[in-house]
1. Obtain the nm distance between the two label points defined at Trp216 and Glu179 by a simple spin-label model: each point lies 7 Å from its Cα along the Cα-to-C-beta direction.
2. Rank these for me by crowding, Glu45, Glu204, going from fewest to most other beta carbons within 10 Å.
3. What does the charge add up to near Asn197, with Lys and Arg as +1, Asp and Glu as -1, over the other residues with Cβ less than 13 Å from its Cβ?
4. Looking at Gly29, Tyr3, Thr184, which one has the Cα that reaches farthest to the positive end of the dipole of the chain (charges on Cβ: Lys, Arg +1; Asp, Glu -1)?
5. Expressed as a fraction of 2.2 N^0.38 Å, the rule-of-thumb size for a compact globular protein of N residues, what is the C-alpha radius of gyration of the range 14-214?
6. Please label the shape of the range 44-97 as rounded, prolate or oblate, based on the square roots a ≥ b ≥ c of the eigenvalues of the alpha-carbon gyration tensor (a/c under 1.5 means rounded; beyond that, a/b larger than b/c means prolate, else oblate).
7. Test of understanding: ordering Thr108, Thr166, Thr90 by Cβ neighbours within 10 Å, fewest first, what list do you get?
Amino acid sequence: MTYSGAVTVGGPADVHELKDLMITKIAVGPMDNNAYLLRCRATDEQLLIDAANDAETLLGMIGDDGIASVVTTHQHGDHWQALDRVVAATGARTFAGRADADGIPVPTDVPVDDGDVIRVGQVQLTARHLVGHTPGSIALVYDDPHGHPHVFTGDCLFPGGPGRTTRPADFQSLMSGLEAKVFTLPDETWIYPGHGNDTTLGAERPHIQEWLARGW
């Protein structure tokens, strides 16, 4: 079946099957958060992005194979409500942006800086530190050697614009980071956000100037 990335709380997961990586997307409540399970096809090792909520649903998706790692994209509470239970059940190592780690109540085993590589089996994800939505938000870039890049943006980029910021300086910082570290990728790049539907950089790139003009 063709992957759409359209998931709803209580509904089934959607699976994006790449040559080296399987990406399973599921939505959990109560804030319609997306969680992503990445599975290396060569080794079957798994990594979870954002143990947002509903531990039972996430553990059911993870299955008996467990996970090696959990990456929390940023410190906002709706992105780590199930982290303690998932870690307790799986023994997974925890990763988060260095500047956000203190804001996450579950200890971060590996603080992440810009350019750091996080591995799931034989697959490499490169962290991009984006300041603005929170001080330590990270996006994860999978540069698929068989196709286009895939980016897990947390709450830094959605269909229709960047994530929420509270000060003009934060907005400018987030936009500068996105332009320097994300929009340098090709139009075909697939974007997996922390809430809602997926998008591509090609769909969003024409609107950068209007985002800058409106200031959010």
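1. My value for the distance between the label points is 2.1 nm.
2. On the way: Glu45 19, Glu204 22.
Least to most surrounded, the residues fall as Glu45, Glu204.
3. On the way: positive: Lys25; negative: Asp14, Asp32, Asp198, Glu204.
It works out to a net charge of -3.
4. Thr184
5. Values: Rg = 15.7 Å, N = 201, 2.2 N^0.38 = 16.5 Å.
So the Cα radius of gyration is 0.95 times the expected 2.2 N^0.38 Å.
6. Working: a/c = 1.98, a/b = 1.34, b/c = 1.48.
Because a/c hits 1.5 or more and a/b fails to exceed b/c, the range 44-97 counts as oblate.
7. On the way: Thr108 23, Thr166 9, Thr90 20.
Fewest-to-most ranking of Thr108, Thr166, Thr90: Thr166, Thr90, Thr108.
No lab work stands behind these numbers, since they all come straight from the coordinates. Worth saying up front: this structure is predicted, and the values here are computed from it rather than measured. All Cβ positions, even for glycine, are placed from backbone atoms using ideal geometry, and neighbour counts span all protein chains on display.
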